[in-house]
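What follows draws every value from the coordinates through simple rules; no lab data is involved. None of these values were measured; they are calculated from a predicted model. Virtual Cβ from ideal backbone geometry, glycine too; neighbours counted across all protein chains shown.
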């Protein structure tokens with residue numbers, strides 16, 4: 001199992017990791033450490049990868065996996081009961097040993113924590129979620145935005161994420177400064193910078209301490225899955241939890 005350990009000044013109780021695509025048992029386009037059950041991979045192989053993650057990362061509990069729908073719902077995972085997979089695009093934990101997780105393969109994972117180590121959150125922020133307000137909703141639930149730290153995980157980079165004029169216009173309509181995150185390719189297409197859009201959003205929320213944002217899933221095929229590059233592919237996971 002290959003992982004990235006976020007480099008940010010999170011308080012001691014906050015633990016984090018991001019998985020890469022190597023080191024598991026999935027085959028073909030899902031090779032090899034796919035953690036998603038919704039992408040037509042063999043369910044038994046995905047479960048084996050998930051168990052390997054728990055054991056090798058010494059997680060304090062099973063991660064709370066989400067049914068991600070590119071929305072803005074952020075749940076407190078202490079409210080999750082039983083085996084049902086909650087439909088949400090962000091999760092928050094205020095109790096020790098509860099593991100928040102989001103899965104991505106080009107969309108932006110954002111990990112958040114309070115500076116005093118009292119709460120953490122994981123956010124799935126593709127362009128639709130960014131536009132709709134998934135970051136704003138999650139930061140609002142955490143509270144005291146000026147005391148929140150953010151780390152931006154591996155996502156498709158600004159040189160590869162081409163979108164139509166309507167996407168650029170929707171963000172510009174939301175906040176005019178966001179036009180700075182788009183570079184024109186031709187009359188109707190733009191390159192979008194998810195990292196810049198997330199930073200502008202976080203800053204608007206009052207979050208000033210931001211880290212990460214240096215990877216490109218599309219350009220690093222040996223390390224990351226990329227849906228836009230490969231279409232049939234697996235998912236990495238970004239995890240955050242509190243531990244004594």
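Spacing of the modelled spin labels on residue 141 and residue 48, each 7 Å from Cα toward Cβ, amounts to 3.5 nm.
Normalised by residue number, the volume inside the convex hull of the Cα atoms of the stretch 95-183 is 106 Å³ per residue.
With contributions of -39500 (n - 2.57) from each DSSP H run of at least four residues, the per-residue ellipticity at 222 nm computed over the chain stands at -6500 deg cm²/dmol. When the Gaussian network model of the chain links Cα atoms closer than 10 Å, the mean-square fluctuations of 186, 106, 230 top out at 186.
Overall shape of the chain was characterised from the C-alpha gyration tensor. The equivalent ellipsoid obtained from it has semi-axes of 26, 23, 15 Å, in decreasing order.
Residues 102, 18, ranked from the fewest to the most other C-beta atoms within 10 Å, line up as 18, 102.
Inter-label distance, residue 172 to residue 220: 3.2 nm, where each label sits 7 Å from its Cα along the C-beta direction. Using R0 = 25 Å, the C-beta based FRET efficiency linking residue 87 and residue 183 works out to 0.15. Three principal axis extents describe the C-alpha atoms of the stretch 199-244; from largest down they are 37, 32, 15 Å. Cβ-to-Cβ counts within 10 Å put 188, 172 in ascending order as 188, 172, the fewest first.
When the chain is treated as a Gaussian network with alpha carbon springs shorter than 10 Å, the biggest mean-square fluctuation among 28, 105, 36 belongs to 28. Please work out the FRET efficiency for the pair residue 40 and residue 97, using the Cβ-Cβ distance as r and a Förster radius of 30 Å; give the result to the nearest 0.05. In this case the efficiency is close to 0.40. Residues 108, 45, arranged from fewest to most other Cβ atoms within 10 angstrom of their Cβ, appear as 45, 108. A Förster radius of 22 Å combined with the Cβ-Cβ distance from residue 243 to residue 79 puts the calculated FRET efficiency at roughly 0.60. Here, the stretch 1-131 is characterised by an Rg to Rh ratio of 0.94, where Rg is the alpha-carbon radius of gyration and Rh the Kirkwood radius. One chain, two ends: residue 27 and residue 160. Fully extended at 0.36 nm per residue, the span grows by 45.3 nm beyond their Cα-Cα distance. Extents of the stretch 59-129, largest first, come to 31, 30, 20 Å (Cα atoms, principal axes, whole angstrom).
Once you keep just the Cα pairs under 8 angstrom separated by 6 or more residues, what percentage relative contact order results for the stretch 88-203? Relative contact order, the stretch 88-203: 24 percent.
So for the pair residue 57, residue 232, with labels modelled 7 Å out along Cα→Cβ, what separation do we get in nm? That separation, rounded to one decimal, is 2.7 nm.
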